[in-house]
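Notes follow the structure.
The values are calculated or read from the model by the stated rules, or taken from the named source; none is laboratory data. Since the structure is predicted, the reported quantities are computational estimates derived from the model, not experimental observations. Every residue, glycine among them, receives a Cβ derived from its backbone with ideal geometry; neighbour counts consider all protein chains shown. Accessible surface is based on the protein model in full, side chains and every heavy atom, while ligands, DNA and RNA are left aside. Shrake-Rupley method; radii C 1.70, N 1.55, O 1.52, S 1.80 Å.
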Amino acid sequence: RTVLHTPGQKTPIANSIPGKVTHCNNQSKFPGEAVTSVTMNTMTTMLKPGSQVVSQPGKSARLQSKRATVRPVKRAQLQTCCGTKVSVGVIGRGLIGSELLDQMTATKADLAAKGVDLHIAGVAEPGKLMSNPSEDWRADWEKVDKVEDAAGDLAKQLSSVSAAGGAGVIVDCTAAPQPAAMYADWLRAGVSVVTPNKKCGAGPLDAYKDTIKAQREGNSFWMYETTVGAGLPILDTLQGLLASGDEVTAIEGIFSGTLSYIFNTFDGSVPFSDVVKVAREQGFTEPDPRDDLNGLDVARKVTILARECGLDVELDDVPIESLVNAELAALGSADEYLEALPKFDDEFAARHAAAVAKGNVLRYVGAVDLTTGKVSVELRELPGDHPFAGLQGADNIVSFSTKRYAPPLATPLVVRGPGAGAPVTAGGVFRDVLRVAERKGAQVI
């Protein structure tokens, strides 16, 4: 189905099919404004050479016949004359949020050449809200006075995005539960949500299902690709397999860049505690490494994947093999944890030696078994020739076993690459923003 829009409002004013334009009322704010925006790749085939869509004040638009002035419509002309406005509000100005703002600012001119008007409507974090920043958003931010109403800031963010017009998108770049609790309300209001925040996708199942439902009710989109693999197309790959009718039987992966680095590095030549300390110093871990080594972040990711496959999984139901025992978990600070960790080096060394003796390696794996409906997060011994054994650095890897991608004709489908870092994560978030723009009629690629 093709929808025609007025360039002033992008208001749908006609439904049409290839070869025919049906009833088309002129609802433009501006009398005499021509109907020029078309959200369909085959418009050039719909409009035969010598024909064009026109409208006149107070009259219905019509398909002008060949007796009129011959002026074929070209695809490039449609793209440049029919800009799609995307108004974005960003919550969270940390590493990912700041990188995203920089990427969007740097790309605005290129997108404008493709007919996409990318507008940053606001930036918010607890106690602070900035509306309509300039390209020098960092300097603008320093001029904004602090306020104490954090909940009010989030409500104002929705107002600023809605008032800016176009396709509204709120980007939650936090890891906090408060913004995640508002997704359904934003979506029902017609504002799309893009986020790397896992709190909703892996949160209470009822709230997750309500958020999915809210998209349909608000004609909006919840995009959360970066919750599982940062910039890697993991959810996109899974959704494509399912949408095309493939039957997914298992998903396994190394979903933590931190744990990938640690077990790619830990070869028995240095104590496990030293590997963790170096990982922290090089920025591969959270400020408190226990937030990575307890496995909870991996559990959130496999919960999201399991739900995507139709399993009703609660995060609390996921068995997690934590690498932080009760004694270490009870310590008050990260420094205390790192100071006590060497006491347990022998345990990790023994486990590593046992794996090596069998020609195996240790890898921290999250898994979804669709045949049993079970999910798991655990430290596994894997053969030295396993695809997960050859990882380097902090790379992530995910394997999809399906009816199509299975022996003897095929091997599992594998996605591999950086699974962490502000540039790649922000890039993945930005791509989701552009996906919203595409679904609203823009032609970005």
For the subset of region 134-168 comprising residues that are within 20 Å of L434 (Cβ to Cβ) and touching an Asp or Glu at 6+ places or on another chain (Cβ under 9 Å), which member is surrounded by the most Cβ atoms within 10 Å (Cβ to Cβ)? G166
Restricting attention to region 251-276, report how many residues are β-branched (V, I, T) and either outside any helix (DSSP H, G or I) or within 18 Å of the chain's Cα centre (by Cα) (or both). 3
Give the number of residues within region 277-302 that are open to solvent by 10 Å² or more (accessible area, probe 1.4 Å) and part of a helix (DSSP H, G or I). 11
Scan region 429-444 for residues that are open to solvent by 10 Å² or more (accessible area, probe 1.4 Å) and among the charged types (D, E, K, R) and jot them down. R431, R435, E438, R439, K440
Members of region 194-230 that are touching a helix residue (DSSP H, G or I) at 6+ places or on another chain (Cβ under 7 Å), more than 25 Å from V415 (Cα to Cα) and not small (G, A, S): Y208, D210, T211, Q215, E217
Which of the residues belonging to region 380-428 are open to solvent by 50 Å² or more (accessible area, probe 1.4 Å), touching a residue at least 24 places away in the same chain (Cβ under 8 Å) and out of contact with any strand residue (DSSP E or B) (no Cβ under 9 Å at 6 or more places or on another chain)? Q392, P423
Hits in region 182-202 - residues which are under 22 Å from L305 (Cβ atoms) and either surrounded by fewer than 20 Cβ atoms within 10 Å (Cβ to Cβ) or charged (D, E, K, R) (or both): K198, K199
Name every residue in region 303-329 that is more than 18 Å from F255 (Cβ to Cβ), assigned to a helix (DSSP H, G or I) and in contact (Cβ under 8 Å) with a residue 12 or more places away in the chain, in order of residue number. E327, L328, A329
Kindly state which helices (runs of 4 or more DSSP H) lie completely within region 145-250 and contain at least 2 residues that are charged (D, E, K, R). 150-164, 183-188, 205-218
What pairs come out if I take residues in region 348-377 that are on the phi < 0 side of the Ramachandran plot and of a type in the set (F, W, Y) and pair them with residues that are open to solvent by 50 Å² or more (accessible area, probe 1.4 Å) and outside any loop (DSSP other than H, G, I, E, B) whose C-beta lies under 9 Å away, six or more apart or interchain? Y364/E378; Y364/R380
Just one of (1) in contact with a helix residue (DSSP H, G or I) (Cβ under 8 Å, 6 or more places away or on another chain); (2) without any contact (Cβ under 8 Å) to a residue 60 or more places away in the chain trips up V144, so point out which. (1)
Scan of region 203-236 for residues that are among the polar types (S, T, N, Q), surrounded by fewer than 21 Cβ atoms within 10 Å (Cβ to Cβ) and under 17 Å from V313 (Cβ atoms), ordered by number: none
The number of residues in region 179-226 that are among the aliphatic types (A, V, I, L, M) and farther than 14 Å from A167 by Cβ is 9
Single match in K156, K146 (criterion: of a type in the set (K, R), at pLDDT below 85 and closer than 30 Å to G83 by Cα): K156
Filtering region 261-302 down to residues that are without any contact (Cβ under 8 Å) to a residue 24 or more places away in the chain and at positive phi yields G283
Members of region 250-274 that are open to solvent by less than 10 Å² (accessible area, probe 1.4 Å) and either more than 19 Å from V365 (Cα to Cα) or of a type in the set (D, E, K, R) (or both): S273
All but one of (1) crowded, with 20+ Cβ neighbours inside 10 Å; (2) in contact with a Cys (Cβ under 7 Å, 6 or more places away or on another chain) hold for L370; which doesn't? (1)
